[in-house]
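Okay, so here's the structure we're looking at.
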Amino acid sequence: MKILLAPSESKVDGGVGEFQLDKLLFKELLSTRREIIDEYHKIVSTKDLDILKKLFGLKKESDIARYTNHIDKLPTLKAIERYSGVVYKYLDYKTLSSGQKSFLDSNVIIFSNLFGFLRADDMIPTYRLKQKESINSIEVDKVYKKHSYLLDEYLKDEEILDLRALYYENFYKIRKPYTTLKFIKDGKVVSHWAKAYRGIVLRDIAKKGISSLDEFYKSNIYGLSIVEILQHKHKTEIIYNIEES
């Protein structure tokens, strides 16, 4: 079973070594990634605050300055450690055992706005790119979607649990049976808590070593109860009620 996950705009700094673009998942994407990153650097190197505010989705000059270094020279962290948004906060990767970390490293695919399809253990530098933002004329989601056949092949023998936000279907539309989750509280679909519970669910999967959808369906997750399971074409949607916050 492979688990698809969105990135986050917020990231942690630091790491080790220097970034090696050719080490990322799918070497076939090397030239595409290089073109996108080079164009990204052209914009960043202008130091134009108005342009960078739009590119990064930030307002403060001090926050913008954090992301104006040449990323090829920056230290790296695993992608799953680099991102620090709500999902990743509740996953709390650093507190998992080495075996649980290894499980996630091998089975989670993260969709980066800049680098495209990543394995959780791909080593990446810190960067900033606002969701949906183009890099000059490059519409990043459309560029990577043209290469989605790589993921089709990679996932052809795998069950899929899709924990991405809806936007990331612009990068990759699943064309085989898969399962996704929806979270409700007090009868209403939630957004912030959906992010939190995606992290909680992923942590639970890692701790239990769940390797199939059948195991996942049978697993009880603290604070959640299944309300309904809906089937539509290839998509199975599990609707959970959040029992506590």
- Task: Would you mind getting me the FRET efficiency between L21 and S191? Use the beta-carbon distance for r and R0 = 30 Å, nearest 0.05.
- Result: 0.35
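Could you work out [θ]222 nm for the chain from helices alone, using -39500 (n - 2.57) per DSSP H run of at least four and dividing by all its residues? Round to the nearest 500 deg cm²/dmol.
On the way: 10 runs with 84 residues, N = 245.
After summing the helix terms and dividing by residue count, I get -9500 deg cm²/dmol.
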- Identified option (computed Cα extents along the principal axes in Å; candidates (i) 49, 34, 31; (ii) 72, 43, 42; (iii) 52, 37, 35): (iii)
- Query: Helix 30-45 versus the longest principal axis of the chain: what is the Cα-based angle in degrees, 0 to 90, to the nearest 10?
  - Reply: 60 degrees
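Fully extended, how many nm does the chain gain between V227 and K173 (0.36 nm per residue separation, minus their Cα-Cα distance)? Each step should come with its number before you reach the end.
Details: separation 54, 0.36 × 54 = 19.44 nm, distance 2.60 nm.
Full-extension gain reported as 16.8 nm.
Report the full-extension gain for the segment K130 to S97: residue separation times 0.36 nm, less the Cα-Cα distance, to one decimal in nm. Mind showing how you got there, number by number?
On the way: separation 33, 0.36 × 33 = 11.88 nm, distance 3.23 nm.
The K130-S97 span can extend by a further 8.6 nm.
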- Message: Cβ neighbours within 10 Å, averaged per peptide: list 155-163, 57-65 in order, most packed at the top.
- Response: 155-163, 57-65
- Task: Enter the Cα centre distance for the pair the range 81-139 and the range 187-243, rounded to the nearest angstrom.
- Result: 20 Å
- Antiparallel content of DSSP bridges confined to the chain, in %, to 5: 55 percent
- Those residues of the range 87-130 whose amide nitrogen sits under 19 Å from the label point placed on D13, 7 Å along Cα→Cβ: 124-129
- Query: Say R0 is 51 Å: what FRET efficiency, to the nearest 0.05, do D48 and N220 get from their beta-carbon distance?
  - Reply: 0.45
- So for T236, T68, fewest C-beta neighbours within 10 Å to most, what's the order? T68, T236
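A short reminder: the numbers here are calculations on the coordinates, not readings from a lab. Here the structure is a predicted model, which is why all the values come from computation and not from measurement. Every residue, glycine as well, gets a Cβ built from its backbone with ideal geometry; the counts of neighbours run over all protein chains shown.
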